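Each reported figure results from applying straightforward, stated rules to the coordinates on display, with no laboratory input. On a predicted model such as this, the values are computed, not experimentally measured, just so you know. Note that we place each Cβ from the backbone using ideal geometry, even for glycine, and neighbour counts take in every protein chain shown.
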Amino acid sequence: MIMVDQPPAEKNFVQNPYAFYRHILKRGGVCFWKNYNQKAFFNFDTINKIFKDKRFGRELPPDFKQPNENNLSDFYRIERNSMLELEGERHTRLRGLVLRAFTTKNIQKISKDIHTLCTQLLDNINENETDLIESYAKQVPVITIARLLGIPEEMSDQLLKWSNSMVAVYQAKISEASKDLANQSSKEFYEYIKKYVAERRSKPADDLITHLINAEEDNQKLNFDELVSTCILLLNAGHEATVHTIGNGIKALLLNKVDCRFLKEKEWYGIVEEILRYDPPLHIFTRFAYENLTVDDVHIARGEKISLVIGASGHDESRWDKPSEFTPNRRPLTHNSFGAGAHFCLGAPLARLEINLALKNLFDKKRYIKILQKPEYADIYHFHGLKSLNVEMR
Ligand code: HEM
């Protein structure tokens, strides 16, 4: 197995990680990534297989030394009760409680509201110069998830701030200052949801928070910390990646000069899937092995943490022809960008709908969009999204 030294924070790498991915994919798609101190897998099939393999999971086996919670106790209070970090019975129970709200059928019911939100935002944009990330890509997902949960929309900016500082913890190396900020944000977010739940107990409505409060009052299905963590997970996971996909998508469509006029519903669906394959918002996930095993001739020890580079898996030549080209409606359509198996993205139907409507409304309403400055990605490798996207449009 080859050893690689590729700092994940390096400027050129963050702007274009695909050159490095191609290099590793050409050499078999597996390496020891020194900067993470982990074996890393890049091939589409291998990653898809590991996601679905019950001998791997997100939770460290209980008899292994748990992560050091120094300075991050408030952050881990949320993580410990978050379905994304759990396996087995607790994961199934928490996922089951929210799954119904996110089925394709239920999500389609809010399609009209998202469409209206997109048109309202576009009507209020300054056409001479606007940063589409701030004025549009961020607004659609954060307002939608706040509404779905039943959190006041005026909280949107604050939710973005808390979420942005919390996700910094997933970086390979994090400064003490960022740790403190992540922990402080976790504390404030926890306190906010706690206070809000107390208020909402007496004001039930047709929203997800009421449904979760009812489940908690039943006392069997959900405890209080699980209720808070579930809300925070849904609010955070419910916007970060979608914001970046809308931004990356607008960039890909404009730079590749895709003619978006007169596209049919089905064609938009294919475009969204191609964006998720070509330039996905999340590039790397991890798994722990629950037994000693071998994958692609590589030995993995029980308790070992490995990296799954899903951003690379969409550029695997053994699956796609000319993967570095942006080709709407290419086949096969499926990718690993929403994961697979037990933790498959619960919000995938919502994310697909939001991206679809955000792009369709933008390109239907604005027939001329010109990028004013070369778009740059933000300096965080694991969240691959643009810092800004300044355009002029009519
Ligand atoms: C383009 C947008 C999105 C992408 C690319 C994305 C990607 C992912 C991925 C890759 C995972 C699996 C992580 C793993 O297996 O380790 C995941 C899990 C999850 N996602 Fe998303 N996501 C997106 C949008 C959303 C939205 C809108 C929601 C709405 C609430 C959401 C909620 C979740 C939740 C709750 C989980 C955890 C599921 C579980 O552990 O069973 N995501 N997402």
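Just a few scattered comments:
- Reduced Cα scattering model of the chain, Debye log10 I(q)/I(0), q = 0.10, 0.11, 0.12 Å⁻¹: -0.67, -0.82, -0.99
- Using the alpha-carbon positions of the stretch 64-120, Rg (one decimal) and Dmax (whole number) come out as 17.5, 51 Å.
- The per residue volume of the convex hull around the alpha-carbon atoms of the stretch 138-233 is 103 Å³.
- Dimensions (Å) - the stretch 257-364, Cα atoms, principal axes, largest first: 54, 29, 17
- Binned Cα-Cα distance frequencies in the stretch 214-269 - 5 Å width, integer %: 4, 15, 13, 14, 11, 9, 8, 9, 8, 7, 2
- Inverting the pair-averaged 1/r between distinct Cα atoms of the stretch 1-54 gives 11.9 Å as its Kirkwood hydrodynamic radius.
- Dipole check for the stretch 2-393: with +1 at the C-beta of Lys and Arg, -1 at the C-beta of Asp and Glu, and the Cα centre as origin, the magnitude is about 880 Debye.
- Listing ARG277, ARG27, ARG147 from fewest to most neighbouring C-beta atoms within 10 Å gives ARG27, ARG147, ARG277.
- Pairs beyond 24 Å (Cα-Cα), from LYS54/LYS161; LYS11/LYS34; LYS161/LYS387: LYS54/LYS161
- Cross-link reach list, aspartates and glutamates versus LYS366, counting only Cα pairs under 12 Å and skipping chain neighbours closer than eight places: ASP123, GLU127, GLU392
- Overall form of the stretch 14-128 per C-alpha gyration tensor (a/c, 1.5; a/b vs b/c): oblate
- Straight Cα distances below 23 angstrom link LYS105 to the lysines LYS264, LYS266, LYS360, with same-chain residues fewer than 8 positions distant left out.
- Between the stretch 158-186 and the stretch 307-323, the C-alpha centres lie 30 angstrom from each other.
- Set of the stretch 47-71 residues, backbone N closer than 17 Å to the point 7 Å along the Cα-Cβ line of ALA301: 60-66
- Cross-link partners of LYS112 among aspartates and glutamates, defined as those whose alpha carbon lies under 14 angstrom from its own and excluding same-chain residues fewer than eight positions apart: GLU354.
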